[in-house]
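Heads up: the structure comes next, in structure tokens.
The values are calculated or read from the model by the stated rules, or taken from the named source; none is laboratory data. Source: prediction; values computed, not measured. Quick reminder, even Gly has a Cβ in these numbers, built from the backbone with ideal geometry, and neighbours come from all protein chains shown. Each accessible area value is taken on the protein alone, full model and side chains, heavy atoms only, with ligands, DNA and RNA left out. Shrake-Rupley method; radii C 1.70, N 1.55, O 1.52, S 1.80 Å.
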Amino acid sequence: MNYHNYYPVDIVNGPGTRCTLFVSGCEHQCRGCYNQSTWRLDSGHPFTQEMEDQIIRDLNDNRIKRRGLSLSGGDPLHPANVADVLKLVQRVREECPGKDIWLWSGYVLDELTEVQRKVIELVDVMVDGKYVHEQRDPSLVWRGSENQVIHYFKSDDVEC
């Protein structure tokens with residue numbers, strides 16, 4: 001897996017202060033996507049064990065408290081990404097108690113493969129669905145178009 005950007009301190013992609021990883025690779029390539037530079041699987045940087053370890057360290061850093069991890073892209077559930085994303089979310093669950101995990105994907109919850117579902121079983125919140133430019137609504141929280149759905153699995157959060 002490659003990643004395009006990593007923000008160890010982020011206040012835009014989910015509630016509270018977070019670590020945010022933008023993975024590379026997206027099959028959906030939605031018209032009007034704000035993050036087209038992440039579409040190619042080979043864009044960005046290789047996701048190494050060192051980067052995975054850094055995310056865990058950042059999540060557990062008490063100097064800057066983070067609420068959790070946000071996974072976006074590209075698409076974290078792209079078939080080429082899902083194994084590494086699964087490994088990462090498993091580590092977050094084991095090594096970062098109390099941290100939530102948010103994930104954005106163009107795939108729809110009802111259509112996920114078995115391995116994609118294993119990832120989703122470990123996240124707190126998933127925003128699913130392709131970005132549809134004709135349904136764009138800048139007033140929406142955590143999503144770009146009206147068709148996208150926020151699934152709260154484990155979180156007590158409510159949409160703001």
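Things worth noting here:
- Conditions (1) modelled with pLDDT under 95; (2) out of contact with any His (no Cβ under 7 Å at 6 or more places or on another chain): number failed by GLY106: (2)
- The residue of the stretch 58-84 that is most open to solvent (accessible area, probe 1.4 Å), among those that are touching a strand residue (DSSP E or B) at 6+ places or on another chain (Cβ under 9 Å) and of a type in the set (Lys, Arg), is ARG67.
- Within the stretch 102-120, considering residues that are in contact with a strand residue (DSSP E or B) (Cβ under 9 Å, 6 or more places away or on another chain) and among the hydroxyl-bearing types (Ser, Thr, Tyr), the one surrounded by the most Cβ atoms within 10 Å (Cβ to Cβ): SER105
- Between VAL125, VAL132, the distinction of being out of contact with any helix residue (DSSP H, G or I) (no Cβ under 8 Å at 6 or more places or on another chain), surrounded by 21 or more Cβ atoms within 10 Å (Cβ to Cβ) and either without any contact (Cβ under 8 Å) to a residue 24 or more places away in the chain or β-branched (Val, Ile, Thr) (or both) belongs to VAL125 only.
- When GLY129 is tested against (1) under 14 Å from the mean Cα position of the chain (by Cα); (2) modelled with pLDDT of 95 or more, just one condition goes unmet, and that condition is (2).
- Restricting the stretch 87-101 to residues that are touching a residue at least 24 places away in the same chain (Cβ under 8 Å) and open to solvent by 30 Å² or more (accessible area, probe 1.4 Å), the residue that is nearest to HIS4 (Cα to Cα): LYS87
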